[in-house]
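Everything on this sheet refers to the single structure shown next.
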Amino acid sequence: MSARTPTPAYPMTIFHKPNCSTSRNVLGLIRESGVEPEIVLYLETPPSKEKLRALAKAMGVGARDLLRAKEAPYEELGLADPKWTDDQLFDFIATHPILLQRPIVVSPRGTLMCRPWARVREILPSA
């Protein structure tokens with residue numbers, strides 16, 4: 001479920017985890033730029049496999065780049081093994097959204113994995 005609606009003049013979406021400091025920093029920079037983004041609490045409303053595929057394509061990365069290796073399911077499921085295809089990895093992330101690397105931000109200027117958090121400046125509205 002989304003907590004807020006986007007600012008019509010500059011629509012942005014953040015795939016957000018509120019207790020993640022990086023995610024909170026990114027959200028703060030977006031708001032400081034004058035934009036109130038759509039906030040997708042992806043642990044409550046996980047993105048579909050199709051949405052994950054679209055986000056990866058928009059960022060020019062593969063499914064493995066969306067994985068957060070520090071989470072328990074990563075090791076438990078043996079996701080470091082190169083045998084897994086992108087299709088299978090997208091399935092794992094859709095089933096276990098805690099595996100999604102965060103935060104991902106979508107804006108008119110592009111889609112980015114905002115790690116480090118200051119990367120979000122690349123896609124904020126121009127000053």
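The values are calculated or read from the model by the stated rules, or taken from the named source; none is laboratory data. What you see is a predicted model; the values in this text were computed from it and never measured. Here the Cβ is made from the backbone with ideal geometry for all residues, glycine too, and neighbour counts use every protein chain on show.
Out of all the residues in segment 73-103, which are in contact with an Asp or Glu (Cβ under 9 Å, 6 or more places away or on another chain) and among the polar types (S, T, N, Q)?
Within segment 73-103, Q101 is the sole residue that qualifies.
What are the residues in segment 93-127 that are of a type in the set (S, T, Y), in contact with a helix residue (DSSP H, G or I) (Cβ under 6 Å, 6 or more places away or on another chain) and either modelled with pLDDT under 95 or within 20 Å of L43 (Cα to Cα) (or both), if any? Spell out how you get there, then give the answer.
Initial filter on segment 93-127 (of a type in the set (S, T, Y)): 95, 107, 111, 126.
Filter once more, keeping what is in contact with a helix residue (DSSP H, G or I) (Cβ under 6 Å, 6 or more places away or on another chain): 107, 111.
Passing the criteria: only T111.
For segment 67-97, which positions are surrounded by 16 or more Cβ atoms within 10 Å (Cβ to Cβ) and in contact (Cβ under 8 Å) with a residue 40 or more places away in the chain?
If the condition is that a residue be surrounded by 16 or more Cβ atoms within 10 Å (Cβ to Cβ) and in contact (Cβ under 8 Å) with a residue 40 or more places away in the chain, then F90, I93, A94, P97 are the ones that fit.
Filtering segment 10-19 down to residues that are assigned to a loop (DSSP other than H, G, I, E, B) and at pLDDT 95 or above, which residue is surrounded by the most Cβ atoms within 10 Å (Cβ to Cβ)? Even if it seems obvious, please write down each step before you answer.
Applying the first criterion (assigned to a loop (DSSP other than H, G, I, E, B)) to segment 10-19 yields 10-12, 17-19.
Still in the running and at pLDDT 95 or above: 12, 17-19.
Values: M12: 22, K17: 20, P18: 11, N19: 7.
So the residue we want is M12.
Considering only segment 72-81, I want to know if a residue exists there that is out of contact with any Pro (no Cβ under 8 Å at 6 or more places or on another chain) and over 14 Å from F92 (Cβ atoms). Steps first, please.
First, the residues of segment 72-81 that are out of contact with any Pro (no Cβ under 8 Å at 6 or more places or on another chain): 72-78, 80-81.
Next cut, over 14 Å from F92 (Cβ atoms) only: none.
No.
Can you work out which of the residues in segment 31-55 that are of a type in the set (A, V, I, L, M) and closer than 19 Å to G110 by Cβ is surrounded by the fewest Cβ atoms within 10 Å (Cβ to Cβ)? It would help to see each step written out before you state the result.
Taking segment 31-55 and keeping what is of a type in the set (A, V, I, L, M), we get 35, 39-41, 43, 52, 54-55.
Next cut, closer than 19 Å to G110 by Cβ only: 35, 39-40, 52, 54-55.
Values: V35: 18, I39: 22, V40: 22, L52: 24, A54: 14, L55: 20.
The extreme case among them is A54.
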